[in-house]
Structures are given as structure tokens and as C-alpha cells.
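The values are calculated or read from the model by the stated rules, or taken from the named source; none is laboratory data. Nothing here was measured: the structure is a model prediction, and the numbers come from that model. Here the Cβ positions follow ideal geometry from the backbone for every residue, glycine too, while neighbour counts run over all protein chains shown.
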Amino acid sequence: MTTIRWPDDVLRAQNISFDLDSRSLAGPASVSGATQVISSDSGLWKAIFGSVIVKSRQAVLAHRAIAALLEGRLGSILIPLCRGYGPSSGAVLSEDEKALFAQVPHGDDAFFDDDTGYVGSLTNVVLAANAAVRATTLHVTVNYAADDIQPGMHFSLGEGRLYRIRSFDAVTGTMTIRPPLREAVTAGDVLNFDDPCCRMRLMNDDGMDLELALRRFGTPTVQFIEDV
């Protein structure tokens, strides 16, 4: 079954945060005041969509439909992360380049069964070597990119496995990432910089509750946690 995707063109959040929820333990403080902290290198992605704009019939129905499909924390959903800080955001794009992000139908003007079309790309980065699960170092080949690949950028691999770049050597193609790889990957796999997303679940069973003012308008806040 295909994982559903948050319709950010219909349900737009006014405030968005995407962060790694680190896992650490600390012992009691010693007489000197020193405390030892032990941390896992993995952590889970957490996302908060604050003040989602719900002011139309389409938005209300979309919100309710997602709530019905997710069934609280049971179901998973792909949460898109804005590409505004990716390689294509730092470059001055022509109108033709911007048009690559628009969905294009088939030759007969029909879209796929899920009403999506073909989408172009301004970034093509692929793995140059296999990497095992929980690896934190990748070797990549940058075939083309609208701007430099830099630490702090995000990309996803496979179906919604999101990663943040810690360091990147443009000469050797060596990249370190966080969190560690959730799944093993193979040479040739594409790093999705243009439309990174994360497979997540609701943080709470009542996370999709919707309160409407005058039964028409709402600004709910929805919280997600990575589905591992």
C-alpha cells in the first residue's frame, strides 16, 4: 500500500519545525558538579506544523480524510520538507528552471491515477558506493546541482528516509550525515534534494483533532514523529 502524503498545497502550515529529537541519558551530578551525559547517535525526526490554514471546504475535507486514514498513531504519512534551503534555493533560477518543479501530464494531458504528474529536477546526486544500515558516511557523485551542496541541507532516500548533512567534501565526494542510515543503500541510488520528505506518524492519537470557529475556520497544530 502506498504511503499517503501530506497535501501541502491544500493544508499549508504557517509555522514549521523539523528537528532531530536526540536521545540521551545523564547520571546524577558529582560533588564537583560534573555530569556525565551518554547520547545515542540516532534520534528520531520530529515535525510540528503550527497553525495549519483551514479555511475552505477542500481543506476541511482533506484534514478529516487524513485523520480517517491515519487512525491516530497507527498509520504513516510522508511529510514534505521545504526545499527552500536546498541546492536549488541558493541559485538564481530562470523561469524555465522554475518550471521544472511544476507537475507535467502525459502527452494526452492526463495525470497518473493519484492526480500527480512528472516533475523535473535541478539537482542530481547519486551514491557512488554501497552503504550499510546505520552508516554515517556516504560517498556520492554530484552530476549537477544548481548550487553547492552544503552542511545543514536535507535530502531523502527511498520512501521518506530523511537525512541532514553534517559535512561534505566536494573533491572526494565524502559526506557525513545524521541520523545514521535507516536502511542499507546501493550505488546509483538518488539523493532527493528537490523534494525531501520524511515518513512519520502522529505524535498523539488525537493529533488530527480539528476545532472549527463558526464551523468553518481552523488553525490546528499537528505534531509528527518519525516512523522507524
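So which of S51, S17 ends up being surrounded by 14 or more Cβ atoms within 10 Å (Cβ to Cβ), hydroxyl-bearing (S, T, Y) and within 16 Å of Q223 (Cβ to Cβ)?
Details: S17 fails: surrounded by 14 or more Cβ atoms within 10 Å (Cβ to Cβ).
Criteria check complete, one pass: S51.
Pick from the stretch 170-208 the residues that are of a type in the set (D, E) and under 19 Å from the mean Cα position of the chain (by Cα): which of them is farthest from H63 (Cα to Cα)?
Applying the first criterion (of a type in the set (D, E)) to the stretch 170-208 yields 183, 189, 194-195, 205-206.
Next cut, under 19 Å from the mean Cα position of the chain (by Cα) only: 183, 189, 194-195.
Values: E183: 31, D189: 33, D194: 25, D195: 22 Å.
The selected residue is D189.
Might you check whether a residue that is surrounded by fewer than 17 Cβ atoms within 10 Å (Cβ to Cβ), more than 23 Å from P80 (Cβ to Cβ) and not small (G, A, S) occurs anywhere in the stretch 151-161?
Looking only at the stretch 151-161, we keep the residues that are surrounded by fewer than 17 Cβ atoms within 10 Å (Cβ to Cβ), and these are 151-152, 158-159.
Within this subset, residues satisfying the condition of being more than 23 Å from P80 (Cβ to Cβ) are none.
Scanning the stretch 151-161, I find no residue that is surrounded by fewer than 17 Cβ atoms within 10 Å (Cβ to Cβ), more than 23 Å from P80 (Cβ to Cβ) and not small (G, A, S), so the answer is no.
Please find, within the stretch 213-225, the residue that is surrounded by the fewest Cβ atoms within 10 Å (Cβ to Cβ) out of those that are touching a strand residue (DSSP E or B) at 6+ places or on another chain (Cβ under 8 Å) and assigned to a loop (DSSP other than H, G, I, E, B). Let's see the steps before the verdict.
Start the filter on the stretch 213-225 by keeping residues that are touching a strand residue (DSSP E or B) at 6+ places or on another chain (Cβ under 8 Å), which leaves 217-225.
Next cut, assigned to a loop (DSSP other than H, G, I, E, B) only: 219-221.
Details: T219: 15, P220: 19, T221: 13.
Among residues in the stretch 213-225 that are touching a strand residue (DSSP E or B) at 6+ places or on another chain (Cβ under 8 Å) and assigned to a loop (DSSP other than H, G, I, E, B), the one surrounded by the fewest Cβ atoms within 10 Å (Cβ to Cβ) is T221.
Can you tell me which residues in the stretch 162-178 are basic (K, R) and surrounded by 14 or more Cβ atoms within 10 Å (Cβ to Cβ)?
Within the stretch 162-178, the subset basic (K, R) is 164, 166, 178.
Answer for the stretch 162-178, where residues must be basic (K, R) and surrounded by 14 or more Cβ atoms within 10 Å (Cβ to Cβ): R164, R178.
Within the stretch 6-15, is even one residue modelled with pLDDT of 80 or more, closer than 30 Å to Y144 by Cβ, outside the structural domain of A145 (by TED's automatic domain parsing) and touching a Cys at 6+ places or on another chain (Cβ under 7 Å)?
For the stretch 6-15, residues modelled with pLDDT of 80 or more, closer than 30 Å to Y144 by Cβ, outside the structural domain of A145 (by TED's automatic domain parsing) and touching a Cys at 6+ places or on another chain (Cβ under 7 Å): absent.
Could you say which residue among A62, A29, A34, A68 is touching a Pro at 6+ places or on another chain (Cβ under 7 Å) and outside any strand (DSSP E or B)? I'd like the intermediate steps shown before the answer.
Numbers: A29 fails: touching a Pro at 6+ places or on another chain (Cβ under 7 Å); A34 fails: touching a Pro at 6+ places or on another chain (Cβ under 7 Å); A68 fails: touching a Pro at 6+ places or on another chain (Cβ under 7 Å).
Criteria check complete, one pass: A62.
Out of Q58, Q36, which single residue is surrounded by 12 or more Cβ atoms within 10 Å (Cβ to Cβ) and without any contact (Cβ under 8 Å) to a residue 60 or more places away in the chain?
Values: Q36 fails: surrounded by 12 or more Cβ atoms within 10 Å (Cβ to Cβ).
Criteria check complete, one pass: Q58.
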